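The values are calculated or read from the model by the stated rules, or taken from the named source; none is laboratory data. Just so we're clear, the structure is a prediction, and the values are computed from it rather than from any experiment. As a convention, Cβ positions derive from the backbone with ideal geometry for all residues, glycine included, and neighbour counts pool all protein chains shown. Keep in mind that these areas ignore ligands, DNA and RNA; they rest on the heavy atoms of the full protein, side chains included. Shrake-Rupley method; radii C 1.70, N 1.55, O 1.52, S 1.80 Å.
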Amino acid sequence: MRTFTYLRATDAEEAARAHGGRDGSRYLAGGTNLVDLMKQGVEAPDTLVDITRLPMDAVSEEADGVLRVGALVRNSDFAAHPVVRARYPAVSEALLAGASGQLRNAATTGGNLLQRTRCVYFQELSMPCNKREPGTGCAAREGVHRDHAVLGHSAACIATHPSDLAVALAAADAEVETAAPGGGRVIPVTEFHRLPGELPERDTVLEPGELVTAVRLPPPLDGTRATYRKVRDRASYAFALVSVAAQVAQRDDGAAEQVRLAFGGVAHRPWRAWRAEAELTGQPLSEERVTAALDAELTAAEPLRDNVFKIGLARDLARAVLLGLTRP
Ligand code: SF4
């Protein structure tokens, strides 16, 4: 039996004070990942700061057209919100592609972004894992790694980030809003999660005690089409082998005015396909051009023994998604 202190905060200042930026402190919201990890012994906080009473559960439209979604908005409410469904269909689809109905009713927006990898070795205390216990090694590298990263991994860690929502937010140019004792900040979602490098224990750029308060979705260009597609081993309740979020806006002549593309299931963070986007912007989206742009993007891939298949899968999925969003 491990004991811990449980505190319930009513505002962000009280939450930050209770957390104190200490290694052993954790914020608790929906608890759908953290509590499981505590039961497994992967997480052993000495202090849990319950933030569910903080006023962060609203969705609001701001004067500049930004949709602000509070960090405590439940995944099911986020997915069903009429503005999200109409204006950001890829975000709604990504949320509905994740977990189960019961979990989506409990899981929060902030918690979704902060969930930990589902690498089996991370959750198995008898195995070495640099993310769980820095300096012990990476059991996945020579072990079972079919589900692991093909882009941006390091000698220290080859895990993928499990969030579907984060992939759709990355393609939507969304931002994460935070609060911290020294002042909050706004972080692009594409810069919020880290590549593992030498510090795989750090999933995000958050400082100790920094609290996610909301995500901000900018208005898409007029006529933008967007979608999220996920390939997984079974029809529901499984993490992505590869997923794709994309949005496309075309000019009257059919050329791409804007292309936004992000992959999930391939890296330690949502993988924004900057190179492919640059090659496609301003161009007609023909099958040949899209294929060439995706091949160029994926030249950066470094597959492992058992996940070479992800490269072709990512290319084919993204091509189908982009061409499906393109008006003839
Ligand atoms: Fe741990 Fe990362 Fe290696 Fe998995 S891939 S065992 S999370 S270090």
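Annotation: amide H of ASP50 within the under-5 Å range of LEU7, ARG8, ALA9, LEU28, sequence separation 5 or more or interchain, hydrogens built in the peptide plane. Mean projection of the Cα convex hull over all viewing directions, computed for the range 225-325: 6.4 nm². Computed with a 1.4 Å probe on the full set of protein chains, the accessible area for ILE51 sits at about 10 Å².
Only Cα pairs under 8 Å and 6+ residues apart enter the sum, and on that basis the relative contact order of the chain stands at 17 percent. Over the residues of the chain, the helix contribution to mean residue ellipticity at 222 nm works out to -7500 deg cm²/dmol, using -39500 (n - 2.57) for each DSSP H run of at least 4. Averaged over its residues, the range 225-325 has an accessible area of 43 Å² per residue, based on protein heavy atoms and a 1.4 Å probe. Using heavy atoms of the protein chains and a probe of 1.4 Å, the accessible area assigned to CYS138 is about 40 Å². In order along the range 238-245, the Karplus-derived 3J(HN,Hα) couplings, from 6.51 cos²θ - 1.76 cosθ + 1.60 at θ = phi - 60°, round to 9, 7, 6, 6, 8, 9, 9, 10 Hz, and Gly and Pro are given as x.
Listed by chain and number, the lysines whose C-alpha is less than 27 Å from the C-alpha of LYS310, apart from same-chain residues fewer than 8 away, are LYS131, LYS230. The fraction of all Cα pairs in the range 114-257 landing in successive 5 Å bins from 0 to the largest distance is 2, 9, 15, 17, 16, 16, 12, 7, 4, 2, 1, 0, given as whole percents. Here each label is just a point 7 Å from Cα along the line to Cβ, and for LEU199 and THR136 those points are 2.1 nm apart. When the alpha-carbon atoms of the range 27-113 are used, the pair Rg, Dmax equals 14.2, 46 angstrom. The fraction of Cα-Cα pairs per 20 angstrom bin, counted from 0 for the chain, comes to 32, 58, 10, 0 percent, rounded to whole percents.
Distance between Cα centroids, the range 128-143 to the range 279-328: provide it in whole Å. Here the answer is 31 Å between Cα centres. Accessible-area rank, largest first, for SER126, SER25: SER126, SER25, with all protein chains present and a 1.4 angstrom probe.
When both the range 150-228 and the range 1-67 are represented by their alpha-carbon centers, they are found 18 Å apart.
Between LEU114, LEU169, LEU313, the Gaussian network model of the chain with springs among Cα atoms under 10 angstrom shows the greatest mean-square fluctuation at LEU313. The phi torsions of the range 50-63, fed into the Karplus equation with coefficients 6.51, -1.76 and 1.60 and a -60° offset, translate into couplings of 6, 9, 5, 8, 6, x, 10, 10, 10, 10, 9, 9, 9, 4 Hz, rounded to whole numbers, with Gly and Pro shown as x. Per-residue SASA remark: TYR237, around 120 Å² accessible (1.4 Å probe; ligands, DNA and RNA not included). Taking the convex hull of the alpha carbon positions in the range 252-304 and averaging its projected area over all directions gives 4.0 nm².
The stretch between ALA320 and ASP253 holds 22.0 nm of extra length on full extension. This uses 0.36 nm per residue minus the Cα-Cα distance. Backbone phi angles across the range 219-224, fed through the Karplus curve with coefficients 6.51, -1.76 and 1.60 (θ = phi - 60°), yield HN-Hα couplings of x, x, 4, 4, x, 5 Hz in residue order; Gly and Pro are listed as x. Calculate, in whole percent, how much of the Cα-Cα pair population of the range 93-133 lies beyond 14 Å. The proportion of pairs with Cα distances above 14 Å equals 57 percent.
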